[in-house]
Amino acid sequence: MRRQKTYSAQSGYVYQYFYAGHRPFAKDGEAGTEFVFDVSADRRSSTPISVFLNADAVRKWEERHGRQLISTEHYAAAKMALFQAFDERAHPGLMKQDIRIRAADIEAILEGLGID
């Protein structure tokens, strides 16, 4: 059973979300893992939001740190990128834009989580 979670964003909106799953992606010359979250800002309607974790970004992080990221660390990076988008995007309509995690993003996100 899916568990609904809530996030109170710095934008002033309170989002409800479910983790819907992940799958490989190849888009716009990039490849990696797409994490899909079902998100609502009004408790009446929801929309799928994708967070794209770039495989090159992961590889570069792994080379710098001398180890592989495990699947839960991939998920943690995606979830934190989602939260960052909640905080930075002025209103829920902007959440329909792709959320992409690139090399500099993953470094900052994982450092903030104490993952090295």
Next item on the list: Please name all residue pairs, on different chains or six or more residues apart, with Cβ atoms under 6 Å, provided the first residue is in the stretch 1-22 and is aliphatic (A, V, I, L, M) and the second residue is loosely packed, with under 15 Cβ neighbours inside 10 Å.
Entry: Ala9/Asp87; Val14/Ser8
Checklist line | Tally, over the stretch 64-116, of residues that are among the aliphatic types (A, V, I, L, M) and out of contact with any helix residue (DSSP H, G or I) (no Cβ under 7 Å at 6 or more places or on another chain) | finding: 8
Margin query: Going residue by residue through the stretch 47-62, is there one that turns out to be within 18 Å of Lys96 (Cβ to Cβ), in contact (Cβ under 8 Å) with a residue 12 or more places away in the chain, surrounded by fewer than 19 Cβ atoms within 10 Å (Cβ to Cβ) and in contact with a Phe, Trp or Tyr (Cβ under 6 Å, 6 or more places away or on another chain)?
Written below: no
Item checked: Set Ala104, Ala108, Ala77: member being part of a helix (DSSP H, G or I) and touching a strand residue (DSSP E or B) at 6+ places or on another chain (Cβ under 8 Å) -> Ala77
Note to self: Can you tell me which of (1) among the small types (Gly, Ala, Ser); (2) closer than 18 Å to Ser11 by Cβ; (3) more than 12 Å from the chain's Cα centre (by Cα); (4) at pLDDT 95 or above is the one Ala31 doesn't meet?
What the structure shows: (2)
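The values are calculated or read from the model by the stated rules, or taken from the named source; none is laboratory data. The structure displayed is predicted, hence computed values, not measured ones. All Cβ positions, glycine included, derive from the backbone under ideal geometry; neighbour counts span all protein chains shown.
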